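The values are calculated or read from the model by the stated rules, or taken from the named source; none is laboratory data. Given the structure is predicted, the values throughout are model-derived calculations rather than measurements. When we count neighbours, we look across all protein chains shown, and the Cβ atoms used for this are built from the backbone with ideal geometry, even at glycine.
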Amino acid sequence: MNVVFVEPNFPRNQREYVRALAEVGATVFAVGETPWEWLDEQLQSWISHYHQVGSVTDLPQLEQAVRQFQEIAWIDALEATIEAHTMPAAIVRERTGIPGTSVHTTYLCRDKPAMKQALREAGIPTAASTGASSESEIRAFIAEHGLPIVIKPRDGAGASGTFKVTTRGELARVLDQLGDTMSVAVEEFVEGHEGFYDTLSLDGRVALDFACHYYPNVLEAMRTRWISPQYVSTNRVDNAPFYGELRELGERVNEALGIHTSATHMEWFYGPKGLRFSEIGARPPGVGCWDLYCVGNEIDLYRAWADAIVHGQVWHVPSRAYAAGIVAMRPDHDGVISHIDGVEEVHARYGEWLIDEHLPTGIPTGPIEAGYMANAWMRLKHPDYDVLRGMLDDVGRTVQVHAS
């Protein structure tokens, strides 16, 4: 099978999809922004044909690369695993006659107001929302639904560019920041605990699934420096009643949006109004989350994904042996990371449960809104979810990142 993969080199875990495709027998054609000679030998060994472009999100460049591949061989699939790459890939698939996730489904998974409207029509509980291109449209939504609201990019990922608006004064500041060229999603603020539900879907059915919890919710985590935020993959998916409800919700969402064979990443809230859908991407989660699923379930999820693409089968069975999570440690202020305290103490207490860590020094700090891997982090596992939560809390208190 001949598979085109979009951007094999960055971020780092992109290479794992290429590795997995090659290992299950695919011939990998890759389109990327990095010169071929800059790719390491191992990555090069997995790629049979490579085309460098200035930007993989530029439609003419991506289409030209794919058509050049089609002159060499029949192309069976075109895959993209980064949010910003999914729509260009879908458009090029349709233009070049390659099967896969449609432009319509990709649009619904990218444009939040259209996504929520489609799901409301399918009877799936989600927040009231609209698309807005002017201040008057935002104020009309507030007049109907009240405050607080959330304003976010129509097609963004994570919490980037997202604002919670609680008062009229906050609204004025956000509107001033957005300026006159706004095109945003406006949503009712949903109170509750936040998490995400990820699947590997095959021919419209969920073949593998995983659930994670945020501590605290993303907006708070990405706006508050002193917090050492976590997300944790649970190993209780198969035996706790809540996850049965979550699984049913995920299946209904996938069906309503027309998702067939694809990884998916669905955000959810659970609070006073019960379980509510937030948003979904037709792609894997970011921030190295699949690595946690691999460790916690003793499987190669990248290879399971490749099996779904290449062989139309998923043979892997998750063990649910471990809960696995990441805790991010932020510097006390911006600058250059000078030193990190408490690491030896944490290693002594939890070394046997440590998956990996990133503890840089001598480099500029990353902004806290850049996410869980922007500065220092540790990833741990444990058979007991509650014990792991306590371990991650302790790491967050003990490890202190200092900047000069």
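The table below lists the values:
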| read-out | value |
| --- | --- |
| Odd one out for residue 371, checked against (1) buried (at least 20 other Cβ atoms within 10 Å of the Cβ); (2) within 23 Å of residue 16 (Cα to Cα); (3) modelled with pLDDT of 95 or more | (3) |
| Qualifying positions in region 185-196 - assigned to a strand (DSSP E or B) and either of a type in the set (Val, Ile, Thr) or within 23 Å of residue 373 (Cα to Cα) (or both) | 186, 193, 194, 195, 196 |
| Some residue of region 129-148 being hydrophobic (A, V, I, L, M, F, W, C), in a loop (DSSP other than H, G, I, E, B), under 27 Å from residue 105 (Cβ atoms) and not assigned by TED's automatic domain parsing to the domain that holds residue 279 | no |
| Matching entry among 362, 366 (being assigned to a loop (DSSP other than H, G, I, E, B) and within 20 Å of the chain's Cα centre (by Cα)) | 366 |
| Restricting region 251-303 to residues that are acidic (Asp, Glu) and surrounded by fewer than 21 Cβ atoms within 10 Å (Cβ to Cβ), the residue that is farthest from residue 234 (Cα to Cα) | 255 |
| Residue within region 86-109 that is in contact with a strand residue (DSSP E or B) (Cβ under 6 Å, 6 or more places away or on another chain), touching a residue at least 24 places away in the same chain (Cβ under 8 Å) and part of a helix (DSSP H, G or I) present | yes |
| Criterion (part of a helix (DSSP H, G or I), surrounded by 19 or more Cβ atoms within 10 Å (Cβ to Cβ) and of a type in the set (A, V, I, L, M, F, W, C)) met by exactly one of 380, 392 | 392 |
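So that you can scan it fast, the table gives a plain yes or no per residue for (1) surrounded by 17 or more Cβ atoms within 10 Å (Cβ to Cβ); (2) out of contact with any Pro (no Cβ under 6 Å at 6 or more places or on another chain); (3) more than 19 Å from residue 115 (Cβ to Cβ):
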| position | (1), (2), (3) |
| --- | --- |
| 167 | no, yes, yes |
| 172 | no, yes, yes |
| 176 | no, yes, yes |
| 198 | yes, no, no |
| 205 | no, yes, yes |
| 221 | yes, no, yes |
| 224 | no, yes, yes |
